[in-house]
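Only one structure is covered here, and it is reproduced in the block below.
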Amino acid sequence: MIGSDAILTLHEVGKNFAGLHVIDDLTFSVRRGSRTALIGPNGAGKSTVFNLISGVHAIDTGCILLDGVDVSRIPSRGRIHHGVARNFQNIRLMPHLSALENVLVGQHCRNSGWRGVLQPVNLIPRNRWREEARGALAEAGLARYERATVGSLPYGVQKRIELVRALVAKPRLLLLDEPAAGLNPAETDALRQHLTAICGEGRITLLVVEHDMHFVDALCDRVVVLNFGRKIAEGTPDEIRADALVREAYLGAEPEPAEAREDRAQNPAPHQAAKLEVVQRHGS
Ligand SMILES: Nc1ncnc2c1ncn2[C@@H]1O[C@H](COP(=O)(O)OP(=O)(O)O)[C@@H](O)[C@H]1O
Ligand SMILES: [Mg+2]
């Protein structure tokens, strides 16, 4: 990929936890304006990749470029200013605050420096931020939960509030870790439509970890597959679905000879394709 087309590049990235190679020599790029899925079996390292991109953990080797700038040594907060926002696989809202207050927290990164200093003395109109946060909740169909204490809301609603909180940071690159996990089919479909709308004009580039291949198919134009911290495949959703190595990673089958792989990729057995989808949907 040409440098300027890539909003994000991981180049030969490695990460150990207590000597365990969790991410190994990982190289991939995310094209600006694309909707890219990062998939792989549980424990493959997907959430760790998000933690490395967002600066929650430092990389051991390689480098990470955002818009062509090496941010490998920039702390997490600095990366927010490079236009990165994220959710977490396990919701990290402030449960005792209202939905609106949680969204206001998401605006904080746009409200630093002199603005942050001036706001308490009301030289910057506070209402502007509040109205924008209310508008963002309304746009996501969450207006009625504005004043509700987040901890008391259903899981699916909390996940949607977390997404709104990430969006009010006005990211250029949005990282979503299993946004559809735990949602029912109607909520999943609503989420997909919401993401298609907000990323539709290419203003926001999406990198999403998701097990549900139907969701990935409908939303993403590109898929990167991880297994044991290494990239094992990259391509369109159709190419990935037909990839023998990906099937082996999910199903735990023995590797096959190359010719058999080629044949199987062209004529996937229907029962196996179905199994792959079920395994992916349940994330095991
Ligand atoms: N902070 C951490 N300390 C130690 N090990 C970790 C840490 N974060 C992740 N791991 C390990 O890294 C591996 C990949 O985990 P993770 O990135 O959560 O996988 P995935 O999101 O693909 O399911 C697992 O073996 C996990 O136990
Ligand atoms: Mg994970």
Within 15 Å, Cβ to Cβ, of Ala138, how many net charges do the neighbouring residues add up to if Lys/Arg are +1 and Asp/Glu are -1?
+2
Under Karplus coefficients 6.51, -1.76 and 1.60, residue-wise ³J(HN,Hα) of segment 144-150 in Hz, glycine/proline x
6, 9, 2, 9, 6, 5, 4
Calculate the length of the line joining the C-alpha centroid of segment 221-245 to that of segment 36-56, in whole Å.
14 Å
Students often check this: by mean Cβ neighbours within 10 Å, which of 144-150, 17-23 ranks highest, and how do the rest follow?
144-150, 17-23
Got a sec? How would Ile7, Ile198, Ile80 order by Cβ neighbour count within 10 Å, fewest to most?
Ile198, Ile80, Ile7
With charges only on Cβ, +1 for K and R and -1 for D and E, what is the dipole size of segment 169-237 about its Cα centre, in debye, rounded to 20?
380 debye
Estimated FRET transfer efficiency (Glu139, Ala186; beta-carbon r; R0 22 Å; 0.05)
0.75
Name the residues whose placed amide hydrogens come within less than 5 Å of the amide hydrogen of Val209, ignoring near sequence neighbours (fewer than 5 apart) on the same chain.
Leu38, Leu176, Asp177, Glu178
Leu153's amide H: which non-local residues (gap 5+, or another chain) put their own amide H closer than 5 Å, with H modeled 1.01 Å from N in plane and none for Pro or chain starts?
none
Taking amide H positions as placed in the peptide plane 1.01 Å from N, state which residues far from Ala233 in sequence (5 or more) or on other chains have amide H under 5 Å from it.
Val225
Could you work out how far apart the two model spin labels at Arg32 and Ile232 are, taking each label as a point 7 Å from the Cα in the direction of the beta carbon, and quote it in nm?
3.4 nm
Could you please report the charge total around Glu201, scoring K, R as +1 and D, E as -1 over all other residues with beta-carbon less than 13 angstrom from its beta-carbon?
+4
Largest first and in whole Å, what are the equivalent-ellipsoid semi-axes of segment 22-95 based on the Cα gyration tensor, each being the root of 5 times an eigenvalue?
18, 17, 14
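Every number here is computed from the coordinates shown, using simple stated rules; none is lab data. Keep in mind that this is a model prediction, so the values were computed, not measured. Cβ coordinates were reconstructed from backbone atoms using ideal geometry, including for glycine residues, and neighbour counts include every protein chain displayed.
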